[in-house]
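See structure below.
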Amino acid sequence: MLSTDDLHALADSLSETANRLREAAAAPPEGQPNAAGFARQILAARGRLTSFVDADLFADPARDILLDLFVAGEEGRRISISSCCIAASVPPTTALRWIGMLKKRDLIQESVDPADGRRKWLSLTPQVHDAMRDYVNAVAGMFTTGR
C-alpha cells in the first residue's frame with residue numbers, strides 16, 4: 001500500500017514525464033518559432049502598444065487570458081488563478097469576472113492542486129487549446145506571408 005506522500009511523488013513524476021513528452025511533441029523544426037513563441041509575440045505586441053497610447057484603451061482580458069493559458073499549455077506549465085489574473089493586465093476583480101465567464105462558456109477549466117487543495121489551476125479545454133493553436137498559426141502566417 002502506497003502512502004499519501006508516495007502517491008504525491010508518483011503523481012509529480014508522472015506529471016513531469018507527461019510535460020516532457022508534450023514539450024517534445026510540440027517542438028517545432030529547428031530554426032522555426034513554435035506556436036507558443038508566436039503567442040508570446042502577440043502578447044508582447046499588445047503590451048508594446050501601451051507605450052504609445054494610453055493603456056486603459058486596450059484592455060482585452062479574455063484574449064490575454066486565453067493566450068497566456070495557451071502558452072502555458074504548449075510548454076506543459078500550469079497557471080494558477082492568481083497568475084492568470086496578473087496576465088490579464090486588468091484589476092484582479094475584473095480578471096476574476098472574466099475567468100468566471102470563460103469557465104461558464106467552457107473555454108477554460110479549473111482543477112484543484114492535489115498537493116495543496118487551496119490552490120486551483122486553470123487551463124484551456126482541449127478543443128479551445130486546438131482552436132487557439134490554429135488562431136496563433138493563422139496570425140503568424142499573416143506576418144510571414146505578407147497577407
Taking the residues in segment 131-147 that are open to solvent by 80 Å² or more (accessible area, probe 1.4 Å) and of a type outside the set (S, T, N, Q) as candidates, determine which candidate is farthest from Ile79 (Cα to Cα).
-> Arg147
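A quick yes/no check of all residues on (1) among the aromatic types (Phe, Trp, Tyr); (2) in contact (Cβ under 8 Å) with a residue 40 or more places away in the chain:
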| site | (1), (2) |
| --- | --- |
| Ala39 | no, yes |
| Phe52 | yes, no |
| Asp68 | no, no |
| Gly76 | no, yes |
| Cys84 | no, no |
| Leu96 | no, no |
| Gly100 | no, no |
Segment 116-143 residues that are in contact (Cβ under 8 Å) with a residue 60 or more places away in the chain, paired with ones that are acidic (Asp, Glu) and surrounded by 15 or more Cβ atoms within 10 Å (Cβ to Cβ) (beta carbon under 8 Å, 6 or more apart) | Arg133/Glu74
Go through Ala140, Ala39, Ala62 for me and flag whichever is modelled with pLDDT of 90 or more, in contact with a helix residue (DSSP H, G or I) (Cβ under 8 Å, 6 or more places away or on another chain) and among the small types (Gly, Ala, Ser).
-> Ala62
Please give the number of the condition Ala39 fails out of (1) open to solvent by less than 60 Å² (accessible area, probe 1.4 Å); (2) not in a helix (DSSP H, G or I).
-> (2)
Filter pass, Ala72 being modelled with pLDDT under 75, in a helix (DSSP H, G or I) and of a type in the set (Gly, Ala, Ser) | no
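So that you can scan it fast, the table gives a plain yes or no per residue for (1) out of contact with any strand residue (DSSP E or B) (no Cβ under 7 Å at 6 or more places or on another chain); (2) surrounded by 17 or more Cβ atoms within 10 Å (Cβ to Cβ); (3) farther than 14 Å from Leu102 by Cβ:
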| site | (1), (2), (3) |
| --- | --- |
| Phe52 | yes, no, yes |
| Pro61 | yes, yes, no |
| Arg77 | yes, no, yes |
| Ile81 | no, no, no |
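The values are calculated or read from the model by the stated rules, or taken from the named source; none is laboratory data. Given the structure is predicted, the values throughout are model-derived calculations rather than measurements. Cβ coordinates were reconstructed from backbone atoms using ideal geometry, including for glycine residues, and neighbour counts include every protein chain displayed. Note: accessible area is taken over every heavy atom of the protein model, side chains too, but ligands, DNA and RNA are not part of it. Shrake-Rupley method; radii C 1.70, N 1.55, O 1.52, S 1.80 Å.
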